[in-house]
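Peer 1: Quick one: structure below, then a few questions.
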Amino acid sequence: QVQLVESGGGLVQAGGSLRLSCTASGRTFSSYAMGWFRQAPGKGREFVATISFSGNNTYYYADSVKGRFTMSRDKAKTMVYLQMNSLKPEDTAVYYCAARHSGSYIYVSSYDYWGQGTQVTVSS
């Protein structure tokens, strides 16, 4: 069982920055890879970023955020982050932290656990 809690969302002007955090806990957490998704009103949940399974420092990003967003992992504690720079109004969405044990990272169906989400609003 894995429990996930996101934080760090808020309101920011276009061009600004936010840093999201995800705190994960559970006895089997080390067996899962972490990812970030987002969902805007009336739209499906879309992939944002992910890190490979433990022991591999490979990161993957959606084309829409590549070069602006950076995912990282705190090796000292069970936390992952999403640094979001040069934010645009189209980045406005609820952002979710998720965990998967297998499957393709880009698909929602690959993930087993989800946080409650944190709202990010980017104004013009």
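Peer 1: Given the conditions (1) open to solvent by less than 70 Å² (accessible area, probe 1.4 Å); (2) closer than 17 Å to GLU6 by Cα, report the number of the one that ASN85 does not fulfil.
Peer 2: (2)
Peer 1: Within the stretch 77-123, considering only strands (runs of 3 or more DSSP E) that don't extend past its boundaries, which have at least 3 residues that are at pLDDT 95 or above? Can you show your working first?
Peer 2: Values: elements: 79-84, 93-100, 111-114, 118-123.
So the answer is 79-84, 93-100, 118-123.
Peer 1: Give GLY44, GLY16, GLY9, GLY26 a once-over and let me know the one that is under 14 Å from the mean Cα position of the chain (by Cα), open to solvent by 10 Å² or more (accessible area, probe 1.4 Å) and either closer than 26 Å to ASP63 by Cβ or of a type outside the set (A, V, I, L, M, F, W, C) (or both).
Peer 2: Values: GLY44 fails: under 14 Å from the mean Cα position of the chain (by Cα); GLY16 fails: under 14 Å from the mean Cα position of the chain (by Cα); GLY26 fails: under 14 Å from the mean Cα position of the chain (by Cα).
That would be GLY9, the only listed residue that is under 14 Å from the mean Cα position of the chain (by Cα), open to solvent by 10 Å² or more (accessible area, probe 1.4 Å) and either closer than 26 Å to ASP63 by Cβ or of a type outside the set (A, V, I, L, M, F, W, C) (or both).
The values are calculated or read from the model by the stated rules, or taken from the named source; none is laboratory data. All figures in this text were calculated on a predicted structure; none of them were measured in a lab. Cβ coordinates were reconstructed from backbone atoms using ideal geometry, including for glycine residues, and neighbour counts include every protein chain displayed. Heavy atoms of the whole protein, side chains included, go into the accessibility calculation; ligands, DNA and RNA do not. Shrake-Rupley method; radii C 1.70, N 1.55, O 1.52, S 1.80 Å.
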